[in-house]
Amino acid sequence: MNARAARRRILVWGSTTAVLIVSAVCWDGWVARTQLPPLTPDVSVVVEARSGKLLRGFTVADGRWRLPVKTNEVSKPYLRQLIAFEDKRFYSHGGVDILAAFRAISQAVRNGEVVSGGSTLTMQVARLLEDSGTGSWRGKIRQMRVAWALERVRTKDEILELYLRIAPFGGNIEGVRAASLSYFRKEPIRLTEAEAALLVALPQSPEARRPDRAPERAKAARDRVLARGVEAGVLTRDGATAAKREAVPTQRYAFDFLAPHISERVMAAAPAVLRHRLTLDHEMQAKAEALLARHVQGRHAALSGAIMVVDHHTGAVLVTAGSPDYLDAGRQGFVDMTRAVRSPGSTLKPLIYGLAFDAGFAHPETIVTDGPIRFGPYAPQNFDNSFRGQVRVREALQLSLNIPAVTMLDAIEPSVLMARMKRAGASPKLPSGRAAGLAIALGGVGLRLTDLMAIYASLARGGEAVPLVYDLSAEQDIAVRPPVISRVAAWYVSDILSGVTPPVGAVSEGVAYKTGTSYGHRDAWAIGFDGQHTIGVWLGRADGAAMPGELGAELAAPVLFDVFAAIKPKLDPLMGPPDGALTVTNAQLPTRLKVYRRPGSVGRTNLPEITFPPDGARLVLFGEDSLVAKVDRGVAPFTWLANGVPVVVESFERQADVKIPGPGFLSISVIDATGYSQAVRVIID
């Protein structure tokens, strides 16, 4: 080659290179100037159970179901077949598969329209985001440009995730999760090879291949995807043959519509959040809602109800059913009766007795009088207007006698009961400007089912407060909190309630429960617990009208035990007696606990007074396991209790060596010979 030819070749090469460089620069600028469509299309807000299963979803503005989903929530068979069928070089190209694109463009130029594929998944996402057609070569060029630009601002997994959310699957169904739930009633992570292949095929022609309308065309398209999977090596021939034998679905299923009240509440509280993951158990919730609907069926058309289930070890709400049917206008199903303020009837009696046990003036075997009594103008009556004379406290609570409960509350004082309800997490409501009176023992206070669940969960957990949790991200082991009542008192209550006669045919062993009926038969309650779960049931009318003749024991208790049976194949054992619990007969009790005497009396001046430790004190014992408590005035002998447990019985000394169970809150009570008492509460460091 002579010098002139060499120079000519160099010039040609240089010119070509320059042209390529200029072209590349121009192409790069052309792509960089691309106006991208919004990359965050509207997605349905969903409320999910703790397992991730859908409880309730909400359509986007135009009525389409487009559920949020991530790539790790979709089955591997689906992803493998999708890539193999739609875009086998997805992870290596820059948005456009050049070979496939040139083929498609050349065919479009020759025929004047698009006659073959060539679109990558990125190009399909571009088309779906812009809602543009594919019938012209100009549209295809636009999709290529958007695809190149899209690959510059999103990762491959983010682009794939966009496809998984917005691909069309027929009708108002978009996205693989909505399609999987609609056609197979399962989450996409559980798709089989055959199901995955059908969902790969549908977006190419979503209306023509809808399996609920054209099952034969759907099956043929699915089988082509399976065949391509074999060719690509992502599916064995035997696997494809077996998959082809599976029938395609011939109907669309409705999306789950569970826990509608809490769903709307959490969505309203955080409208910008797309996925709300709750503590609810999907299976338990479904069973409880179906059971509640069955129990009101055939009864008054306005009868409503509510059910809650709580894990009292964590506070997690596992079931919250606010009505039998959200859409039943006759029952006002749209009203969430778990949060409606109602009269609790007799359901507060267990807490009243627990406080009496803690104060040291009663024990489950203490004899209390059930007879005519008057507290100023207030003269409580039993439900059946009869009296039983002297009964044990255990019997008084199991029979839900009114007079002994009011008698105990008179000694405790209503304000103390109100304070302990609030400590449990409840929000008791009284008429404006009215102070708490003795009538709250029988339901004269407003409470919600959620309030009673918190109170009973604390009883089930040994007296510790149990904050109710709905948000899964907030679920955790409960931190140490001031106790509602002592562990001993809580066990006394649990032991008593476990002996309440169950409904006919129900298995009673292992369930502690209490029923309640509000004044005028407006509210029927049943709340109980085993060793793990606290369950509450309310039945009544949302409008507050009376239900003559309906009682909690007859109306709500059967529902309570049915819920236990439905959600638990085996009950968890109730807690056993803690250290210090007196499991004795009445004859073996300290003298002053054998028969109830009201502590304190108007006009008496010689009442026992604890002079040490002072109420509310914080004590540092420097390793000591006891303290010396002192009492002034009162009549010897004295009985001392620590957290409701007798530690010194009938001592004539005015001081006592009180053993300390450990750091934390400690209640110390003293009872004198005439039955009068005083208590203080201190903190031990």
What about G433, is it closer than 21 Å to A512 by Cα, of a type in the set (G, A, S), in the same structural domain as T501 (by TED's automatic domain parsing) and surrounded by fewer than 22 Cβ atoms within 10 Å (Cβ to Cβ)? no
So A587 ticks every box in (1) surrounded by fewer than 15 Cβ atoms within 10 Å (Cβ to Cβ); (2) not in a helix (DSSP H, G or I) but one. Which box is left unticked? (2)
Got a sec? Which of V648, V670, V563, V658 is surrounded by 13 or more Cβ atoms within 10 Å (Cβ to Cβ) and in a helix (DSSP H, G or I)? V563
Residues that are outside any helix (DSSP H, G or I) and hydroxyl-bearing (S, T, Y), drawn from the range 222-266: T236, T250, Y253
Any chance P482 is surrounded by fewer than 22 Cβ atoms within 10 Å (Cβ to Cβ) and in contact with a strand residue (DSSP E or B) (Cβ under 7 Å, 6 or more places away or on another chain): yes
Of the criteria (1) surrounded by fewer than 22 Cβ atoms within 10 Å (Cβ to Cβ); (2) touching a His at 6+ places or on another chain (Cβ under 8 Å); (3) β-branched (V, I, T), which one T314 fails: (2)
Test G175 against the stated conditions and say whether it is closer than 17 Å to A196 by Cβ, within 33 Å of the chain's Cα centre (by Cα) and touching a residue at least 24 places away in the same chain (Cβ under 8 Å). yes
Looking for whichever is buried (at least 24 other Cβ atoms within 10 Å of the Cβ), in the same structural domain as Q532 (by TED's automatic domain parsing), at pLDDT 95 or above and not hydroxyl-bearing (S, T, Y) here; the options are A356, A288, A306. Which one fits? A356
If you check R252 against the conditions, is it over 22 Å from L121 (Cα atoms) and not assigned by TED's automatic domain parsing to the domain that holds Q81? yes
In the range 661-670, what residues are at pLDDT 80 or above and within 14 Å of P646 (Cα to Cα)? L666, S667, I668, S669, V670
Any idea which of L641, L666, L621 is under 18 Å from G354 (Cα atoms) and in contact (Cβ under 8 Å) with a residue 40 or more places away in the chain? L641
The condition of being more than 23 Å from the chain's Cα centre (by Cα), touching a residue at least 12 places away in the same chain (Cβ under 8 Å) and part of a loop (DSSP other than H, G, I, E, B) holds, among G516, G544, only for G544
Hey, any hits in the range 389-400 for a residue that's part of a loop (DSSP other than H, G, I, E, B), in the same structural domain as W525 (by TED's automatic domain parsing) and not charged (D, E, K, R)? yes
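Listed here are the residues, each with its yes/no results for (1) surrounded by 17 or more Cβ atoms within 10 Å (Cβ to Cβ); (2) touching a Ser or Thr at 6+ places or on another chain (Cβ under 6 Å); (3) modelled with pLDDT under 90.
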residue	(1), (2), (3)
V109	no, no, yes
G118	yes, no, yes
G139	no, yes, yes
K156	no, no, no
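The values are calculated or read from the model by the stated rules, or taken from the named source; none is laboratory data. What you see is a predicted model, and the numbers here were worked out from it, not measured in a lab. No Cβ is skipped: glycine too gets one built from the backbone with ideal geometry, and neighbour counts run over all protein chains shown.
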